[in-house]
Amino acid sequence: MSTSGLQVSLRQRAPIPLAAELDCAPGELLALVGPSGSGKSTILRCIAGLHAAAEGAIHCNGEAWFDAAGRIDRPVQARRIGFVFQNYGLFPHLSALENVAAALGGLTFAERTARARELLARVHLDGLEQRKPAALSGGQQQRVAVARALARDPAVLLLDEPFSAVDQVTRRKLQQELARLRADLAIPMLLVTHDLDEARMLADRMVILHRGKTLQAGTPDEVMTRPASAAIARLVGLHNLFEGTLVEDGGALRLAWLGHRIEVARVDGRAGERMNWVIPSEGVLLHRQDRPSRGEAENPVSGFVQDCLRLGPFTQLRLVPEGCAEPIAFSVPTHVVARNGIAPGVRARVTLRAESIHLMPWEAPSCGD
């Protein structure tokens, strides 16, 4: 086991089932992603010492914070945790400066005040030190909460849905600030979020949790484009999830789907095996209506446009292939839609890039998915 960073292994049956394994290196931001009730916040509470799991262990930089078998459970104040809560958790009767200073121990009043001012300046709150939380915007309150979390010189920074209580514009600003701030932090950082875009934007790696169990860990791109199972593909909201069968075709394995023989760059299976497969939106390329290109020979699929949703410079399309009830979802520049006369009901053709197709063992959808 590595002696640096954070290592977590937790198991319990109730109140929220856990079978979680994760690690986070110094300077790394790890996103915990999953539906409500998947155990994300419970894991943070266990790391912080606010809840003890029935089994497992938590180590930080080689030091045991929790070990159920060894009956080790260090108190909250001994774990050097910086915790940013969803609802900020500020003292309403204290100013921003006093809220941050309250987290600083072992210093004189003058030293606490000076350090609190430094931390507030670090989160761009210069000049607002004397305002109480009620006189601050939601985004400003969240910055105070971050400054207070950093005041303890934490060994680990925990962020529990830190941006969910602010509007979308403020959320984007705070995300950008966190991205800049974390560049100077050489500690493990764990972010709980429901927002997959947020996880992809901010995290070095992400862990997918469902019903308290760790299903997959990897970089955001790995998880979002190469999920370990169809269940994970559904959890992360991948739309283009289909079923097919591997077949021999000219000495190579291809994917039989709707009468097509789909070329796949990486095949792990055998002929006759039923598979789930997924392709991200960026792996679907719309054919030009006016003239073909060489790339259109790769896995061409025809169908009818089900709908077009214009979102500024890009338009989301859903194409229903012939003989399939499930559409292929992808996006193209809006000017391409206009140039090619794409509209609901229009016949169109796409390429499914072999490099982008990801195969998974077949599994039947469960009622809980």
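The values are calculated or read from the model by the stated rules, or taken from the named source; none is laboratory data. Bear in mind that the values here come from a model prediction, so they are computed numbers and not experimental data. Cβ: placed from backbone, ideal geometry, glycine included. Neighbour counts: every protein chain shown. Accessible surface areas use protein heavy atoms only, side chains included; no ligands, DNA or RNA. Shrake-Rupley method; radii C 1.70, N 1.55, O 1.52, S 1.80 Å.
A few comments on the model shown:
- Considered as a group, the residues in segment 228-247 that are over 22 Å from C324 (Cα atoms) and in a helix (DSSP H, G or I) include one that is most open to solvent (accessible area, probe 1.4 Å), and that residue is L235.
- Residue match in segment 122-143 (condition: assigned to a loop (DSSP other than H, G, I, E, B), at pLDDT below 95, open to solvent by 60 Å² or more (accessible area, probe 1.4 Å) and among the β-branched types (V, I, T)): no
- Among the conditions (1) open to solvent by 80 Å² or more (accessible area, probe 1.4 Å); (2) in contact (Cβ under 8 Å) with a residue 60 or more places away in the chain, the only one that P344 does not satisfy is (2).
- When L181 is tested against the conditions (1) closer than 20 Å to L44 by Cα; (2) modelled with pLDDT of 85 or more; (3) over 16 Å from the mean Cα position of the chain (by Cα), the lone failure is (1).
- Hits in segment 151-174 - residues which are charged (D, E, K, R), farther than 17 Å from L136 by Cβ and open to solvent by 20 Å² or more (accessible area, probe 1.4 Å): R152, D153, D160, R172
- Spans of strands (runs of 3 or more DSSP E) in segment 176-227 with at least 2 residues open to solvent by 50 Å² or more (accessible area, probe 1.4 Å): 213-218
Table: residues versus (1) of a type outside the set (K, R); (2) closer than 17 Å to R131 by Cβ; (3) touching a Pro at 6+ places or on another chain (Cβ under 9 Å).
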| residue | (1), (2), (3) |
| --- | --- |
| A69 | yes, no, no |
| I72 | yes, no, no |
| Q77 | yes, no, no |
| I81 | yes, no, yes |
| N87 | yes, no, no |
| L94 | yes, yes, yes |
| L97 | yes, yes, no |
| A114 | yes, no, no |
| R117 | no, yes, no |
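- Extreme residue, least open to solvent (accessible area, probe 1.4 Å), among residues of segment 248-270 that are closer than 21 Å to R226 by Cα, part of a loop (DSSP other than H, G, I, E, B) and of a type outside the set (V, I, T): G269
- Segment 81-99: number of residues that are over 29 Å from the mean Cα position of the chain (by Cα) and either open to solvent by 20 Å² or more (accessible area, probe 1.4 Å) or under 17 Å from L157 (Cα atoms) (or both): 5
- Sole exception among (1) within 30 Å of S229 (Cα to Cα); (2) of a type in the set (K, R); (3) free of Cβ contacts under 8 Å to residues at least 40 places away in the same chain for R205, by number: (3)
- Number of residues in segment 1-34 that are of a type in the set (S, T, Y) and under 21 Å from K213 (Cα atoms) equals 1.
- Among (1) at pLDDT below 95; (2) of a type outside the set (S, T, Y); (3) within 17 Å of P154 (Cβ to Cβ); (4) open to solvent by 40 Å² or more (accessible area, probe 1.4 Å), the one test that A78 misses: (4)
- Answer residue from segment 314-326, given it is at negative phi and over 25 Å from the mean Cα position of the chain (by Cα) and is surrounded by the fewest Cβ atoms within 10 Å (Cβ to Cβ) among those: A325
- Selection from segment 100-113 of residues that are in a helix (DSSP H, G or I) and surrounded by 14 or more Cβ atoms within 10 Å (Cβ to Cβ): V100, A101, R112, T113
- For I58, the conditions (1) closer than 19 Å to L18 by Cα; (2) crowded, with 16+ Cβ neighbours inside 10 Å; (3) more than 24 Å from the chain's Cα centre (by Cα) all hold with the exception of (3).
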